[in-house]
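Below is one structure, written out as structure tokens; the observations come after it.
The values are calculated or read from the model by the stated rules, or taken from the named source; none is laboratory data. All figures in this text were calculated on a predicted structure; none of them were measured in a lab. Ligands, DNA and RNA are stripped out before the accessible areas are found, and what is left, the full protein with its side chains, is counted by its heavy atoms. Shrake-Rupley method; radii C 1.70, N 1.55, O 1.52, S 1.80 Å.
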Amino acid sequence: MTAEVSRRRLLQVVAAAVVAMPLTDLPLPRAAASGELSADAETATLEAWSDTMVPGQKRWPGDRAVAGATSGPGAVQAGAVDLMRFDAVGLGPALPGLAAALNVEASRYAAAAGLPLDPATPPFVGLSFPDRTALALELLDGTREDQVAWYALAAVAMLAFHTAAHLDTADAVRTGHPGLAWLRFPAPDADGLWRYPDFSYRRKLARTHPRTTRSGHPA
């Protein structure tokens, strides 16, 4: 993504949207009703979208969903589609419609730009990385009625890379989750908790409550 839609701004907007409306009640774009995709086409489309949010290197030479716009892991390698389908997120029922709508938007974009598309490939997957990014900026420009849906889909892809939200954090770090490893997220202590030798403000701000449990939770 470009500076026009920063990662911080993206997360701010989608956080506000999710507070206002649960993802299970997400209003789908009108184009979501335009046909059904096979499971493989749906997955490839969601992977291509995720790779546009946090680019990564191709998983194999003929990888179509991951454009290979940069080196290192991206959202796809970090399990973005797994997080999208994670029951606790509540986005799963909307994914077929969102993938279909994304391909409708990609077909519209390609037609307007005079770009040929491979009929054997989902339209969004068939776009080049610059064109995927340009289309994503259109969908995320803040003026569309369906922007909440696109911000939700974008934020989940980003959260997969930055937080491994569908996994236990300690286990994810220990097993080398691609996003957390790339960000050099610190490993926990042997008991799965994080402790630091210095206070963040270089001084203790408050005493520990006497009823705090050994796991760090207040009584």
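Odds and ends about this structure:
- Rounded to whole Hz, the Karplus (6.51, -1.76, 1.60) HN-Hα couplings of the stretch 188-198, x for glycine and proline: x, 5, 4, 8, x, 9, 9, 10, 10, x, 10
- Average accessible area per residue (Å²) across the stretch 110-219 - probe 1.4 Å, nucleic acids and ligands excluded: 64 Å²
- A straight line joining the Cα centroids of the stretch 188-213 and the stretch 79-153 runs 42 Å.
- The listed residues Arg195, Arg207, once ranked by accessible area (1.4 Å probe) with the largest placed first, stand as Arg207, Arg195.
- Take the Kirkwood radius over Cα pairs of the stretch 110-219, plug it into Stokes-Einstein at 4 °C and 1.567 mPa s, and you get 70 µm²/s for translational diffusion.
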